[in-house]
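The values are calculated or read from the model by the stated rules, or taken from the named source; none is laboratory data. Values in this document were obtained by computation on a predicted structure and should not be read as measured data. Counting neighbours? That spans all protein chains shown, and the Cβs are built from the backbone with ideal geometry, glycine included. Accessible surface areas use protein heavy atoms only, side chains included; no ligands, DNA or RNA. Shrake-Rupley method; radii C 1.70, N 1.55, O 1.52, S 1.80 Å.
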Amino acid sequence: MAELLLELLSEEIPARLQRRAAEDLGRLLGAALGEAELPSEQVSTFATPRRLVAVARGLPAKQADVEVEKRGPRVGAPPAALDGFLGALGVSDYKLEERDDGKGRMHVVRYQRVGRAAADVLAPVLAEILARFPWPKSMRWGSHTIRWIRPLHGILCLLDGAVVPVRFGPLTAGASTRGHRFLAPAPITVRDFEGYRQQLTGAFVQLDPADRERGIAAEAARLAGAQNLRPRLDPGLLAELVGLVEWPIVRLGRIDERFMALPEEVLVTSMRRHQKYVALETSEGRLAPRFLMVANVPALDGSAIVAGNERVLRARLWDAKFFWDQDRRRPLASRVPQLDGVVFHARLGSLGAKVARLQSLATWLARRVPGTPVEHAARAALLCKADLVTGMVGEFPELQGIIGRYYAQHDLEHADVAEAIAGHYAPQGPNDACPRAPVSVTVGLADRLDTLAGFFAIGERPTGSKDPYALRRAALGAIRLILENRLRLPLRAGFRQTLAGYGEQLAGIDAAAVTEELLEFFA
């Protein structure tokens, strides 16, 4: 049984696409080998920032010989018909018989089709996989017509050590690859997968993402533990780090104390989203003035790497501190008029108009959500979008709502109001916690009902898999808010109230029909 090794060496593949690409490669290769009558016992795939790799084990050396039977023209047909049928077979060693199929006698040919060698079959099969590889986005480069996620540098393809000459655009597969871009750029000649893997390790490339993940997690825990800290290494960040480096080296950096007065969410977001750093916390769960970075190169003295990363983070945090200080010079409520200049939707008006509708709707809903002070619901509805025009949210959009809560607290707004500014966005998905505070629930419902009613009224409904305005998510969020808080909410009346809030903007629509359509959508 034979072993097939395929490597596609390219410019850096985005981390978020690597896992799916490896899965697609394995699926396509397994299916193609089966269709080519070269089924493999096992297909394994790997991905690094610069390469996609597949190894198929247990391939037959050749296709199986097959007994072929074909029906020809009926007995008595013109001789030319039989001659044409026999000539099209492409074989001379066949047996010609006559058989009765119940409707008359016909010619039948039987012959042995000799299987082709695997090496002769694989090149076009693999080229076809590359040509139709399902990248979400791909690119052409230079004058080439082929498409790939990033420019391809080389293809390695071996069947039991022999090169399979796969051609894809300007590239023809060979028996060599390259290691780490900076540490081992010289060509490496390969004979089989085990040797390939060992040679890559010697060339500063950890091929298996699982090995890189374990290494990063273990070293992060070790470095943090030495400082009596622990890493906040969530699965999403760890997966991204694994996809950014071929030879992970974890290092410890320091945050200037002057920035520790910033909200914890600002520090963590700046590190995680912008720099891919791992935040560290104390045993009590408080954010520590340290962080972990993952470099792609080792160094005898890593101080220059650490200093460079600290300098980049310092610049980010200076920006955050500037916005934090500047934003708090004005009350959050003073920013509400600016929302008139922010478009919610061209046919549904501005965010300022939406906030006015939310105030009215939240007041109506507050009487139907037990324990909700009407004045707090109305105030939270007024302020819930105001942080969208702050400098901090402009720099860190992920912090919308969260920053609004901090600014509301700074302005000495009621605690229920401040919490609702942050909480009305939740839940944003099936794994997100559902708010329990009555004011947060009320404003969250008002926001979702307003969005759903407005878009359905202007005919912007989800179709198939397309939902550009996340209306399914809005409906599911409203359903969770109702069910998990055990509310009894008259939805039909709620949608009528919501549609009435749009006033002349939705003049001429059939509010009753839109309401019934929304109820059906919820169901």
On Cα atoms only, tilt of 491-501 relative to the major axis of the chain in degrees
70
What fraction, in whole percent, of alpha-carbon pairs in segment 345-384 exceed 13 Å separation?
48
Tabulate in residue order the Karplus-calculated ³J(HN,Hα) for segment 193-208, using 6.51 cos²θ - 1.76 cosθ + 1.60 with θ = phi - 60°, rounded to whole Hz; enter x for Gly and Pro.
5, 4, x, 4, 5, 5, 5, 5, 4, x, 9, 6, 10, 8, 5, 7
Could you size up the charge dipole of segment 461-508 around its Cα centre, putting +1 on the beta carbon of Lys and Arg and -1 on that of Asp and Glu, and report it in debye to the nearest 20?
220
Convex hull per residue volume in Å³, alpha carbons only, for segment 1-129
148
Relative to 2.2 N^0.38 Å, what does the C-alpha radius of gyration of segment 451-499 come to as a ratio? Two decimals please.
1.23
Relative contact order of the chain (C-alpha contacts under 8 Å, at least 6 apart) in percent is 9
Helix 15-35: angle to the longest alpha-carbon principal axis of the chain, degrees 0 to 90, nearest 10?
30
With +1 on the Cβ of every Lys and Arg and -1 on the Cβ of every Asp and Glu, and nothing else charged, how large is the dipole of the chain about its Cα centre, in debye rounded to the nearest 20?
640
Identify, among 490, 283, 231, the residue whose Cα sits farthest towards the positive end of the charge dipole of the chain, taking +1 on the Cβ of Lys and Arg and -1 on the Cβ of Asp and Glu, with the dipole about the Cα centre.
490
Size of segment 44-98 along its principal axes in angstrom, Cα-based, largest extent first?
66, 21, 16
Sort 447-456, 266-275 by the packing proxy (mean of other Cβ within 10 Å over each peptide's residues), most packed first.
447-456, 266-275
Give the Rg (one decimal place) followed by the Dmax (whole number) of segment 304-376, computed from C-alpha coordinates and expressed in Å.
20.0, 61
One checks the Cα atoms of segment 380-461 and finds Rg and Dmax, in Å, of 13.3, 41
Between segment 351-424 and segment 302-339, what's the alpha-carbon centroid distance in Å?
23
Cα-Cα pairs above 22 Å in segment 297-455: how many percent?
47
What helix-only [θ] at 222 nm does the chain give? Using -39500 (n - 2.57) per DSSP H run of at least 4, over all residues, to the nearest 500, the answer is -13000 deg cm²/dmol
Mean shadow area of the chain, taken as a quarter of the surface of its Cα convex hull (nm²)
37.0
Coordinate range along principal axes, alpha carbons of segment 134-261, Å, largest first
58, 33, 25
Tell me which of 364, 376, 389 sits at the most positive position along the dipole axis of segment 302-393, charges placed on C-beta atoms (Lys, Arg +1; Asp, Glu -1).
364
Across segment 261-267, in residue order, what do the Karplus-derived ³J(HN,Hα) couplings come to in whole Hz, using 6.51 cos²θ - 1.76 cosθ + 1.60 with θ = phi - 60° and x for Gly and Pro?
7, 5, x, 4, 4, 5, 4
Check residue 281: other-chain or 5+ apart residues with amide H under 5 Å from its amide H, H built from backbone geometry?
230, 232, 288
Reach of residue 70 by Cα under 20 Å, taken over lysines that are not fewer than 8 positions away in the same chain
95, 103
P(r) tail for segment 179-321, what percent of Cα pairs lie past 28 Å?
24
In whole percent, how big is the carbon plus sulfur part of the accessible area of segment 144-238, probe 1.4 Å, protein atoms only?
53
Could you sort 78-89, 127-138 so that the peptide with the highest average Cβ count within 10 Å comes first and the rest follow in order?
127-138, 78-89
For segment 401-523, the percent of all C-alpha pairs falling in each 5 Å bin, from 0 up to the bin holding the max distance, is 2, 11, 20, 20, 18, 14, 9, 4, 1, 0
Which lysines, if any, have their Cα less than 20 Å from the Cα of residue 276, not counting same-chain residues under 8 positions apart?
321
Putting +1 on Lys and Arg Cβ atoms and -1 on Asp and Glu Cβ atoms, find which of 182, 154, 136 reaches farthest to the positive end of the dipole of segment 48-186.
182
For segment 263-342, with equal point scatterers placed on the C-alpha atoms only and solvent neglected, what are the log10 I(q)/I(0) values from the Debye formula at q = 0.15, 0.17 1/Å, to two decimals?
-0.69, -0.81
Dimensionless Rg over Rh [segment 98-206; C-alpha; Kirkwood]:
1.25
Using only alpha carbon positions, build the gyration tensor of segment 77-159, then give the equivalent ellipsoid semi-axes as the square roots of 5 times its eigenvalues, largest first, whole angstrom.
47, 17, 12
Once phi is turned into θ = phi - 60°, what whole-Hz ³J(HN,Hα) does the Karplus curve with 6.51, -1.76 and 1.60 give for every residue of segment 359-366, x standing for Gly and Pro?
4, 5, 5, 5, 5, 5, 6, 4
Mind pulling the angle between the C-alpha long axis of helix 118-131 and the longest principal axis of the chain? Nearest 10 degrees, somewhere in 0 to 90.
30
Roughly how far apart, in whole Å, are the Cα centres of segment 451-487 and segment 236-275?
34
